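Okay, so here's the structure we're looking at.
The values are calculated or read from the model by the stated rules, or taken from the named source; none is laboratory data. All values derive from a computational prediction rather than experimental measurement. Virtual Cβ from ideal backbone geometry, glycine too; neighbours counted across all protein chains shown. Ligands, DNA and RNA are stripped out before the accessible areas are found, and what is left, the full protein with its side chains, is counted by its heavy atoms. Shrake-Rupley method; radii C 1.70, N 1.55, O 1.52, S 1.80 Å.
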Amino acid sequence: MAGMLDKLLSLDRRWIFLLVLLCVGTPIVLPIGLPVTTTGSTRAAFDYIESLKPGDYVWVSFDYGPSSAPENDPMAEAFLRQCFAKKIRVIVCAFYPLGSLGLATNSLAKVTAEYPNLRYGEDYVNLGYKDGAAAVMRRLGEDIAEGFPADVNGTPLAQLPIMKGLRSIRQVQLVCSVATGVIGEYWITQVHSQIGTPIIIGPTAVAAPKYYAYLNAGQLVGMLGGMKGAAEYEKLLAARYPDMARFYQSTRGFTATKGMDGQTVIHAVIILFILLGNVAYISRRAAQKKGA
Amino acid sequence: MNLEFGRLALVFLFAIIPAVGIALGINSPGLRARIPLLVAFFAGAIPIISLYVPKKFLSGPTGMSPRLDQWLIIVYAFAILLGVVNVVQNSTRKIARRESGWPFSIVLLLGLFATGGAGIYGAISHHGITSLPDGTATPFKWIQDQFFQPLQSTIFALLAFFMASAAFRAFRARNAEATILLFAGGLVMAGRVPLLEFLAVPFPPLQPAAAGASQALGKLTEWIMDTPNGAAQSGIIIGAALGAASMAIRVILGIERGYLGLGRGE
Amino acid sequence: MPHIPGIETWIAALLTLACMSFLYKDNPFFRFAESLFAGISLGYFIGITLNQTLVPNLILPLHRDFGQNWDLLVPGLLGVLLYMRYVPKIGWISRFALSIYVAYYIGLDFTRRIHGEVLPQLARAIVPLSKFDSHTILYSLIFSVGVFSVLIYFFFSKEQDAVTRRVARLGIWFLMISFGAAFGFTVMGRVALLIGRLNFLILDWIYPMIGLR
């Protein structure tokens with residue numbers, strides 16, 4: 001037994017890679033459709049946006065790059081869909097240097113195409129990317145135009161109807177930061193702590209454990225942790241809005257809910273790997289003790 | 001000409017003093033270190049004091065702090081591009097000396113100049129970097145969508161394979177601490193996904209029991225994340241924040257000089 | 001009906017495969033993709049910084065209303081000064097810009113850390129334990145003990161005695177639970193990225209070619 005396990009442990013790692021590839025790829029070809037259960041932090045985020053009124057402002061900040069897009073894109077798009085369905089005005093910006101602008105532009109184009117009545121500059125605006133996130137956030141508290149003088153295409157803010165009467169982020173009802181790194185923390189520690197605007201964070205799974213501390217301390221109104229959080233949000237949207245239930249069931253595009261099948265299979269395999277590795281380790285140690 | 005107090009004060013602190021410092025530093029090497037530390041004090045102190053002292057000359061609309069924020073957004077943009085010069089220098093040196101792997105340095109420079117060039121074209125042509133007037137993508141956006149996004153996604157996706165391999169070979173219950181880590185990791189991995197429902201897929205009668213057990217496991221996971229994990233993260237945050245705050249004070253007071261390439265005595 | 005995907009899909013698919021080929025072994029295709037990624041990333045910085053920050057926040061304000069924005073010449077010059085570090089004889093000049101840049105952002109960091117982290121996190125840890133029900137024990141007491149023991153573990157200024165060593169050990173256990181949880185979440189995050197890439201390869205590249213969907 002111990003000999004067999006030893007042999008298994010000395011397996012060329014490329015076989016493990018192949019197994020991982022098969023475990024993740026198979027549910028894409030043959031979906032299982034496993035259920036998703038919702039957690040309190042995701043429900044809190046959903047309920048907060050549900051409580052907003054038509055005409056309110058939500059600021060959606062794309063603070064991630066392509067390196068975490070499969071986790072973060074579904075969150076950002078779910079926030080946008082919910083806001084547009086509720087006729088909430090949306091201001092989009094991007095602070096992550098490596099690719100957030102492209103993702104913000106693409107997600108906005110994708111979701112606004114589903115709502116043909118929306119008008120750019122009136123119902124939503126894309127302020128684009130800005131360097132020096134911490135300094136920009138300080139200006140947002142007093143005068144948004146001092147941080148973002150123009151939108152992504154160079155149109156001065158004064159010429160955009162959505163920005164008429166909106167001078168400071170204090171007038172914004174909520175900030176949703178979809179984040180991969182520290183920029184989500186800036187929104188909490190700078191904007192929420194010093195200006196007071198409520199924050200929802202959609203972090204990557206890697207960053208999520210740290211955000212639980214901010215959530216616990218009441219610095220967040222809600223949080224979506226990684227792809228699981230995004231899948232929970234899609235479930236809540238589908239339950240509340242029949243149009244979105246149809247959309248999430250029929251879309252050919254990638255959704256977090258679809259990704260959860262692969263997640264589940266690979267988690268089972270990795271837990272099995274850990275168990276096998278430890279059984280081999282313990283049996284080898286027992287054999288060594290016996291020998292001594 | 002706008003001659004508000006805030007702007008004039010900033011120009012004095014961060015243009016005239018450095019200009020004098022540079023002029024004096026040419027003949028007096030000692031001042032090359034002292035005057036940067038003096039301006040560092042003001043640059044670091046203004047954002048802090050403006051938060052606690054709501055005086056018009058500091059944090060009012062025409063005060064120093066709001067304008068300094070706007071200035072530093074611009075300086076940050078220049079700073080973020082510093083690394084580009086380094087990479088271009090290293091790559092051209094590698095190509096000139098025909099060092100091993102030099103053809104890949106050509107690929108790197110081609111990628112850099114093509115993308116950077118498309119960005120510069122967007123600025124000069126006033127089309128920007130998202131879409132052209134006819135609605136099609138700019139060259140910059142085309143490179144971003146077709147090259148940059150898939151490359152970045154895949155390079156990071158490779159980590160999934162190495163993570164699985166490490167779980168198989170290195171994740172061992174060697175002592176009490178490692179065992180706790182292993183159990184917590186296993187529980188969280190099982191509790192965040194519908195693992196039990198998946199395992200019960202071949203046995204339909206077991207599905208309701210699997211769903212119930214899965215919910216309980218999910219609740220346990222949430223408790224682990226909220227309480228023991230939240231407490232540890234909170235401790236880490238407080239410790240790291242106090243360390244960072246004391247480092248900030250050291251930099252502002254000129255005690256910490258390493259970032260300027262200076263030792264204690266210089 | 002099978003159809004060949006467009007050139008954009010082919011480029012993205014072949015680059016994805018070139019990166020993944022590293023899993024078999026290091027090879028020229030991977031090194032090509034890696035170098036291209038590094039180059040494009042740096043070029044990307046140039047494009048977004050120039051178009052999204054330097055043009056709207058520096059160049060256009062100076063061009064449209066110089067009288068109102070004349071002072072922005074100073075940060076522009078400070079930015080240029082940063083690059084003096086690459087000129088060996090006058091490299092020291094860059095210190096003036098670097099000191100302003102580092103000190104300002106570290107000053108912001110100070111306010112963020114104290115207001116946004118130390119105070120709210122301490123407030124969360126200091127909770128009333130007047131009621132001794134299961135909720136208080138499970139959520140408040142264990143939380144407070146956890147924060148306290150982790151902070152004791154991080155207290156390096158004084159040598160630990162028998163009591164603090166035990167408390168610090170408890171702190172290590174809390175940290176281990178957190179790191180274990182972080183491992184579980186990290187697996188999830190990395191696998192999510194792989195799911196994204198395989199979705200693209202299978203649904204957008206392979207399926208159209210074999211006439212599925």
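Working note: Cα atoms of the range C:70-126, range along each principal axis, descending, whole Å: 55, 30, 11.
Given in Å, the Rg to one decimal and the Dmax to the nearest whole number for the Cα atoms of the range B:5-77 are 13.4, 41. Scaling the Cα radius of gyration of the range A:40-254 by the globular reference 2.2 N^0.38 Å produces a ratio of 0.92.
Take every Cα pair under 8 Å whose residues are at least 6 apart in sequence, average their separation, divide by the length of chain A, and the relative contact order is 24 percent. Divided by 2.2 N^0.38 Å, where N counts the residues, the Cα radius of gyration of the range C:113-207 comes to 1.65. Placing +1 on each Lys and Arg Cβ and -1 on each Asp and Glu Cβ, with no other charges, gives the protein assembly as shown a dipole about its Cα centre of roughly 1700 debye. Using 0.36 nm per residue and subtracting the Cα-Cα separation, the extra length available between B:THR179 and B:ILE255 on full extension is 23.1 nm. One way to sum up the overall shape of the range C:58-159 is the equivalent ellipsoid from its Cα gyration tensor, whose semi-axes run 50, 21, 8 Å, largest first. Label zone of C:LEU77 (point 7 Å out along Cα→Cβ, amide N under 19 Å): in the range B:55-94 this covers B:67-79. Straight-line cross-link partners of A:LYS228 among the lysines, defined as a Cα under 18 Å from its Cα and at least 8 positions apart when in the same chain: A:LYS210, A:LYS258, B:LYS219. Placing pseudo-labels 7 Å out from each Cα toward the beta carbon at C:TRP70 and B:LEU132 gives an inter-label distance of 4.2 nm.
Averaging 1/r over every pair of different alpha carbons in the protein assembly as shown and inverting the result gives a Kirkwood radius of 28.0 Å. Under the convention that each Lys and Arg Cβ holds +1 and each Asp and Glu Cβ holds -1, the size of the dipole of the range A:68-128 around its Cα centre is about 220 debye. A straight Cα-to-Cα reach below 21 Å connects A:LYS86 with the lysines A:LYS53, A:LYS110, A:LYS164, A:LYS235, residues fewer than 8 places away in its own chain not being considered.
With Cα atoms as the point set, the range C:1-64 shows a radius of gyration and Dmax of 18.5, 57 Å.
Simple rule: put +1 on each Lys or Arg Cβ and -1 on each Asp or Glu Cβ in the protein assembly as shown, find the dipole, and look at A:GLY40, C:PHE155, A:GLY262; the Cα lying farthest toward the positive end is C:PHE155.
Buried area at the A:B interface is about 5200 square angstrom, summed over both chains, from accessible surfaces computed with a 1.4 angstrom probe. Once C-alpha pairs closer than 8 Å and six or more residues apart are averaged by separation and normalised to the residue number of chain C, the relative contact order reads 28 percent. Average accessible surface for the range A:40-254: 29 Å² per residue, computed with a 1.4 Å probe over protein heavy atoms with every protein chain in place.
Restricting attention to the protein assembly as shown, close to 10% of DSSP beta bridges with both partner residues there are antiparallel. Net charge in the neighbourhood of A:MET75 (other residues with Cβ under 12 Å of its Cβ; Lys, Arg +1, Asp, Glu -1) is -4. Dividing the convex hull volume of the alpha-carbon atoms in chain B by its residue count gives 326 Å³ per residue. Taking the Cα centre of the range B:1-86 as origin and assigning +1 to Lys and Arg Cβ atoms and -1 to Asp and Glu Cβ atoms, the resulting dipole is close to 140 debye. For chain A, the share of DSSP beta bridges that are antiparallel, to the nearest 5, is 5%.
With Kirkwood's inverse mean 1/r over C-alpha pairs for Rh, give me the Rg to Rh ratio of the range A:78-197, two decimals please. Over the Cα atoms of the range A:78-197, Rg/Rh equals 0.93. Diagonalising the gyration tensor over the Cα atoms of the range C:1-136 and scaling each eigenvalue by 5 before taking the square root yields semi-axes of 40, 36, 20 Å, largest first.
The value of relative contact order for the range B:5-77, using C-alpha pairs under 8 Å at least six residues apart, is 37 percent.
Projected onto their three principal axes, the Cα atoms of the range B:174-226 cover extents of 39, 25, 13 Å, largest first.
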